[in-house]
Amino acid sequence: MLTDYHMHLQPDGVGARAAAAPRWDADGGHLSTAWIARYVRRAESRAVSEIAITEHVYRFAEARDWLDDPFWRAEATEDAGAFCDAVGAARDEGLPVLLGIEMDWLPDRTDEIAAFLARHPFDVVLGSVHFLHGHAIDNPHDADSERLPVDVLWTDYLEQLVAAAESGLYDVMSHPDLPKVFGRRIPPALDGLLDDAVAAIAAAGVAIECSSAGLRKPIGEIYPEPSLLARFRRAGVPATLSSDAHAPEDVARDYPTAVAALRGAGYETITRFSGREPTQVPLRWDGGGSR
Ligand SMILES: [Zn+2]
Ligand SMILES: [Zn+2]
């Protein structure tokens, strides 16, 4: 079985959404079953039989005050209940769709995060460290994040990734080596820190995602890079498979590369979720779709 457990119904950014809106308006809106069905059909065309829609928490008005950041506040316009109902309606129509959320790690907002997660019937909760020292580390428009020295960037990132994993709030840690997105790789001198982080994530009992999204980014490489994926495997950390699509055409994109990386790292199963309960299923191309 193949799955895609990380995707969004809209692009990020007010301008990008306005430009893309005519696409979903023709289907009855981005929360319509017809628009969600486009994601499912693209998944099935690539031999993927189950997807999870994992909207960013910062898209929702109820999280608007969690972070004092202009991007975050501008994004927070949607109703979380309506999103959950939309995914539920698609599932009621027979589509193989799980309800997920990409939940930012904000260490001073753990009470709000826990309350949000308790209010909605999520199948899978992704934990993402996007913000560090008030900067969005994966946002090309946040030039200040470039000024963080690379050793500080990675040391602080790994500390927050481990804290998130140990918080008990999350099922899967997203794009675990995200700071490399613009080419700033972890310095070799920090290799011991990386080992410690892998061990802590293993002990926390969360999964990590193998994401093809990095192949579409400046770094041009999966998250996590293959040798780090192998370290997670050796430490016994389970994996999910994902694309982080922000439009239907990117669902399960570049999966031959991602599946080969998982296999190369020694993974024979991937993690499936239902109601936040994980199970392992064989990692296998068994649909009729093209690769
Ligand atoms: Zn993310
Ligand atoms: Zn995402």
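Details
- Single residue of LEU153, LEU132 found to be over 19 Å from the mean Cα position of the chain (by Cα) and within 19 Å of ILE219 (Cβ to Cβ): LEU153
- Lone qualifier among PHE71, PHE83 - being under 27 Å from SER211 (Cα atoms) and at pLDDT below 95: PHE71
- Subset of segment 217-262 that is of a type in the set (Asp, Glu) and assigned to a helix (DSSP H, G or I) - its residue that is farthest from ligand 1 (Cβ to nearest atom): GLU249
- Residue within segment 122-143 that is at pLDDT 95 or above, part of a helix (DSSP H, G or I), among the aliphatic types (A, V, I, L, M) and surrounded by fewer than 20 Cβ atoms within 10 Å (Cβ to Cβ) present: no
- Segment 54-83, residues that are assigned to a strand (DSSP E or B) and within 14 Å of ligand 1 (Cβ to nearest atom): THR54, GLU55, HIS56
- Check on LEU169, in contact (Cβ under 8 Å) with a residue 60 or more places away in the chain and under 19 Å from the mean Cα position of the chain (by Cα): yes
- Segment 231-266, residues that are over 30 Å from ALA21 (Cβ atoms) and either touching a residue at least 40 places away in the same chain (Cβ under 8 Å) or of a type in the set (A, V, I, L, M, F, W, C) (or both): PHE232, ALA235, VAL237, PRO238, ALA239, THR257, VAL259, ALA260, ALA261, LEU262, ALA265
- Test: residue in segment 4-14 that is more than 16 Å from ligand 2 (Cβ to nearest atom), surrounded by fewer than 22 Cβ atoms within 10 Å (Cβ to Cβ) and small (Gly, Ala, Ser): no
- Per-region count, segment 50-65, residues touching a strand residue (DSSP E or B) at 6+ places or on another chain (Cβ under 8 Å) and more than 16 Å from ligand 2 (Cβ to nearest atom): 2
Here is a yes/no grid of residues against (1) without any contact (Cβ under 8 Å) to a residue 60 or more places away in the chain; (2) more than 16 Å from the chain's Cα centre (by Cα):
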position: MET173; (1), (2): yes, no
position: PHE182; (1), (2): yes, yes
position: VAL198; (1), (2): yes, yes
position: SER211; (1), (2): no, no
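- Remark: pairs (first residue in segment 33-60, acidic (Asp, Glu); second residue within 16 Å of ligand 1 (Cβ to nearest atom); Cβ separation under 6 Å; 6+ apart in sequence or on different chains) = GLU55/HIS8.
- Matching residues in segment 36-53 - criterion: being in a strand (DSSP E or B) and away from ligand 1 (no atom under 16 Å from the Cβ): GLU50, ILE51
- Residue ID - surrounded by the fewest Cβ atoms within 10 Å (Cβ to Cβ), chosen from residues in segment 103-121 that are within 16 Å of ligand 1 (Cβ to nearest atom) and of a type in the set (A, V, I, L, M): LEU106
Residue-by-condition table, conditions (1) over 27 Å from ALA203 (Cα atoms); (2) more than 16 Å from ligand 2 (Cβ to nearest atom); (3) at pLDDT below 95; (4) part of a helix (DSSP H, G or I):
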{"position": "SER145", "(1), (2), (3), (4)": "yes, yes, yes, yes"}
{"position": "ALA165", "(1), (2), (3), (4)": "no, yes, no, yes"}
{"position": "PHE182", "(1), (2), (3), (4)": "yes, yes, yes, no"}
{"position": "GLY192", "(1), (2), (3), (4)": "no, yes, no, yes"}
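- Residue pairs whose Cβ atoms lie under 7 Å apart, sitting 6 or more positions apart in sequence or on different chains, and linking a residue in segment 5-27 that is touching a residue at least 24 places away in the same chain (Cβ under 8 Å) to a partner that is polar (S, T, N, Q) and part of a loop (DSSP other than H, G, I, E, B), are HIS6/SER174; HIS6/SER243; MET7/SER243; ALA20/GLN10.
The values are calculated or read from the model by the stated rules, or taken from the named source; none is laboratory data. Just so it is clear, the model here is predicted, and its values are computed rather than measured. For neighbour counting, all protein chains shown are included, and Cβ atoms are generated from backbone atoms with ideal geometry for every residue, glycine included.
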